[in-house]
1. Can you name every one of the strands (runs of 3 or more DSSP E) wholly within region 119-235 that holds 3 or more residues which are open to solvent by 30 Å² or more (accessible area, probe 1.4 Å) and within 26 Å of GLY101 (Cα to Cα)?
2. Specify which of the listed residues (GLN684, GLN741) is in a loop (DSSP other than H, G, I, E, B) and either farther than 26 Å from TYR620 by Cβ or among the aliphatic types (A, V, I, L, M) (or both).
3. Looking at region 618-632, can you tell me whether even one residue there is open to solvent by less than 50 Å² (accessible area, probe 1.4 Å), assigned to a strand (DSSP E or B) and in contact with a helix residue (DSSP H, G or I) (Cβ under 9 Å, 6 or more places away or on another chain)?
4. Of the residues in region 191-244, how many are in contact with a strand residue (DSSP E or B) (Cβ under 6 Å, 6 or more places away or on another chain), more than 29 Å from PRO400 (Cβ to Cβ) and of a type in the set (D, E, K, R)?
5. Quick one: count up the residues across region 286-317 that are surrounded by 17 or more Cβ atoms within 10 Å (Cβ to Cβ), in a strand (DSSP E or B) and without any contact (Cβ under 8 Å) to a residue 24 or more places away in the chain.
6. Would you pick out the residues in region 579-595 that are in contact with a strand residue (DSSP E or B) (Cβ under 8 Å, 6 or more places away or on another chain), more than 19 Å from HIS518 (Cα to Cα) and open to solvent by less than 70 Å² (accessible area, probe 1.4 Å)?
7. Inspect all residues belonging to region 57-73 and state whether any of them is at pLDDT below 95 and under 30 Å from HIS359 (Cα atoms).
Amino acid sequence: MKVSISWLQTYVDIQMDIDPLAQALTMAGLEVDAVYDRYAYLHSVIVGRIAAVAPHPNADKLRLCQVDTGDRQYQVVCGAPNAAKGMLAPLALPGTELVDGTLLKTGKIRGETSEGMLCSEKEIGLGDDVAGLMALDEKLTPGSPLNRALGLSDMVLEIDLTPNRPDCLSIIGIAREVAAIQGTGFNLPTIDLPEGVEDIQKYTSVTIDAPDHCPRYAARLIADIQVKPSPFWLQDRLLSVGLRPINNLVDVTNFVMMETGQPLHAFDFDRLAEHRIVVRTAAEGEKFTTLDEKERIMTADTLMICDGEKPVAIGGVMGGMNSEIAPDTTRVLIEGAYFNPISVRGTAKRLGLNTDASHRFERGVDPHNTMTAIDRAAALMVETGGGRLISGAVDVQVDPPQPAVIDLSVSATNRTLGIDLMPEQMAELLVGIGFEATRMDNDTLRVAAPSFRVDVSRPQDLMEEVARRWGYDKIPTTFTAIPAEAAVAPKPLVQRQRIRERLAGLGFSEVVNYSFIHEKSCDRLGLAESDVRRKVVNILNPLTEDQAVLRTSLIPGLLETMQRNISRQSKTLKLFEIGKTFISKGAEVLPDEHDLLAALWTGDRFISGWFDKPAACDFYDLKGGLESLMENLQVSDLRFTRLPGGHHPYIRPGMGADIRIDDQPVGTIGEIDPPVLSTYGLKQTTFVFELDLMQLIDHIPDVVYAQPLPRFPSTSRDATLIVGQELEADTILSEVRKLDQPLVEDVQLFDVFQGKPVPENAKSISFRIIYRSSEKTLEDDTINQLHKEITQSLVQKFNADLPL
């Protein structure tokens, strides 16, 4: 929004310098982005005295003028009839940009050098006269910049308005704010409507068939008017805010829009079929040619302004070619309306049309200022174009919006803003910008918003008004109390980070996948119909079909990541992910959320090099990685047991295990079943584990006790038991640990064998027990006796045999 100070001063007496004014407006919520003098271009236009005039040797209508500027003379080719020796006139030097956009350069005209341009009033934007040179006062000094010599200065403010301040999309709106800042009054323009003739009801009518899109539509009619260029004052006002003058009728509608914030439109009345207006929505696919000469296709919710036969404008956006003002127009219908902001915004965005009118309508104009703006335009059109005002006006209203009445709590406002104002002070601040405030009790103000403040509808809006009127810079700055001691991070947060660091140290890379997966992911994993993981949460508006449901497992995301990497020839992958899964509890209930940890290993065991041959990873590589993680986290009693029922949906039969801690199941590990891999377009052998992260964190000890380094040597003994095939080796190792013998430091499995000479349906399990004392070096007799006792205990416990 551009605001010319000279225009602004017609409504408010500005008592502040430009910089303090810009700062005050910014602190009032109207951010001033730039301040400039619109006459700054005249700095390169100087006062010149014509020292000599001679005929142009190659042109009858041109002359050569020698122009003295005090320090030198310039030769200028000039065609003005009033150029005479001794005359003072404006001289535009090379580099000057004229008001029509022309950039002056030194050049030759009919073979003679011209070092500038002697200017008329119109060429430098200081009047309408274009017939001859602008004659300057003889008292002026040659060589002086013209803006300084004539005392020309008009500062312009460029204000960046927030969308909730449509009232300030007008000069009057800004004047109201300036008056409130200064504590002075401001003046609304006086509207002197000429006496009308006849009655408008005999000529036209308005019918609103779409009141939800247009609650109010009004019009006035002027006859016998003349279309011509606007007077200089009107053109100058428009130029000061960056608008291009067109003709007196169009310029008046633009002037009133900038002055009041109410967009208007002028129709050629004689081009309106049946001389009437119908406000309706378009037919689906209806075509309409707008003023920019483009044919546009309408949708059924587009508001159209029509005459008795056809559309003539898109409501609130742009008029049509079929009713625009023409040079021969003699009767004008002035339209003013209040359009639904949502309707206008939707139409403007859909058609890609952003006009000054739509910019204001889609933010909300004053629904009760329509007739005032129309009357102002009618008076100015009669003033600038003559004609007769037809008496009366058409004003159709279908429940236009009413200003809000809000009860404002003084204490709540003070508490929210961190200030301490009395009710009287708040009321005074609000009254200063057009609100009505009545004190109801010691803590309540009943505030009626003015009709131009369409953005105010709740107490928080009034609190914002109090804050900016009081001054944002006056609100004391406070800081959140921060204790000196550091806060202790929650255990889950700390342990998550530890897990990430440990897995990264083991060579795994963390991935972060979308929580949305394909709706067929459960089928691809081969989950049973009764599996709880089939209770997915459907996305109402998925981005793609691959992201239609919330995940119930991290495995699909890891397999999709694997597929993308392998397709790019990255075939050895060690990945992990920590994330949430979601189990539906019904459409109207929030889902259960579970934090899981999952990892994937595929490809080679090591990065191949000259020192080692490539070797594919296997189940025990991933199992060893998980064991290393648990050991580093100080998690004890980790066990891998047979899967419940002997199988798992996506694990290859015989190649998986249940993960248990303290004999509680926390997850699953194993090789992905090849049919599952094929559903993701994969063939490469892959191993994964997935476990409940929160259960794992619960088993991580809060305190880790240090132990001294061993001072005495260890010794070991091996044992071999022949047991049934169904007995898991880990069961035997766990039993050794449960004996809680103080001299037993560790137990390790080193061999499992089936076949002759071991009996059928049996297997040989060999393990090593490591013994150590923290107090002395152990003797062989002591260890042999203890090892024999442990072995006999295991034989009895598992009904085992010793090898012959």
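The values are calculated or read from the model by the stated rules, or taken from the named source; none is laboratory data. This is a predicted model, so every value here is computed, not measured. Ideal geometry is used to build each Cβ from the backbone, glycine not excepted, and the neighbour counts take in all protein chains shown. All accessible areas refer to the heavy atoms of the entire protein, side chains included, with ligands and DNA or RNA removed. Shrake-Rupley method; radii C 1.70, N 1.55, O 1.52, S 1.80 Å.
1. Because the criterion is at least 3 residues that are open to solvent by 30 Å² or more (accessible area, probe 1.4 Å) and within 26 Å of GLY101 (Cα to Cα), the strands (runs of 3 or more DSSP E) in region 119-235 that meet it are 155-160.
2. Just one listed residue meets the conditions, GLN741.
3. No.
4. Qualifying residue count, region 191-244: 1.
5. Result for region 286-317: 0.
6. Hits for region 579-595 are ASP592, ASP595.
7. No, region 57-73 contains no residue that is at pLDDT below 95 and under 30 Å from HIS359 (Cα atoms).
Residue-wise test of (1) outside any strand (DSSP E or B); (2) open to solvent by 30 Å² or more (accessible area, probe 1.4 Å).
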site	(1), (2)
HIS368	yes, yes
ILE374	yes, no
LEU380	yes, no
VAL396	no, yes
PRO403	yes, yes
SER411	yes, yes
ASP420	yes, yes
